[in-house]
Amino acid sequence: MQELEFLPDDYLRARFDRRLGFIRSWLLLVLGLAMVLWSLQMGTWVRNAQAELLALQGTGNAMEADVEKAQMLKAEAVAHNRRLAALEGLAPRTSAARILGELADVLPDEVLVQDARITSEGKGGSAQLRLGGWAATEEAVGRTVGALESSAAFTKAFLVESKGPSGGERGGRHFVVEATIAAPADARGGGAGQ
């Protein structure tokens, strides 16, 4: 810069101001370009955020339908349970098929059943079985009472009557046995323990 020392101060100041203006204009141009690029990037981010928001809203709308369906299914399950409870209330406490099935399982082979009667549930809520039949021996009658007593479906079995053959019959015994029929829950609990 020594060759420029002879130039007047006004000229040097004007030249310095021009350089400063040139640098300022370049800085403004770079700053403007940076702002344009930043606004473009922000626009991309905003568009992506809006797309994600729309996707989430679509998922929320789809979830609302699933929530409504789940609530409807829950209401149907409650109604179904009520109907089942009503049906169980209508069902008899003792089932003849269950009693006869258990009776067939426990009776000895040498016993012939001639009459089986189930009386309705009495004061204590229990039904009675009155069993009449024929057995080959008195021991078979005793085994019948013991089998009923040890069965999970019956309690308090006892011999009401046992008599020998009458008239022209040969051998065997005619008998009548009574037993209390256990409630279905008692029968399941007793059967599980054996």
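All of the numbers you see were taken from the coordinates with simple rules; none came from a lab. The shown structure was predicted, so the numbers you read here are calculated from the model rather than taken from an experiment.
A compact table of results
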read-out	value
Karplus (6.51, -1.76, 1.60) ³J(HN,Hα), θ = phi - 60°, over the range 63-74, in Hz, Gly and Pro reported as x	5, 4, 5, 5, 5, 4, 5, 5, 5, 5, 5, 5
Kirkwood-type radius of the range 1-91, with distances r between different C-alpha atoms, in Å	21.0 Å
In Hz, Karplus ³J(HN,Hα) per residue of the range 11-21 (6.51, -1.76, 1.60; θ = phi - 60°; x = Gly, Pro)	5, 5, 5, 5, 5, 5, 5, 5, 4, 4, x
Under 5 Å, built H, 5+ apart or other chain: amide partners of Ala116	Gly132
The range 50-57 - phi-based ³J(HN,Hα) in whole Hz, Karplus 6.51/-1.76/1.60, Gly and Pro as x	5, 5, 5, 4, 4, 5, 5, 5
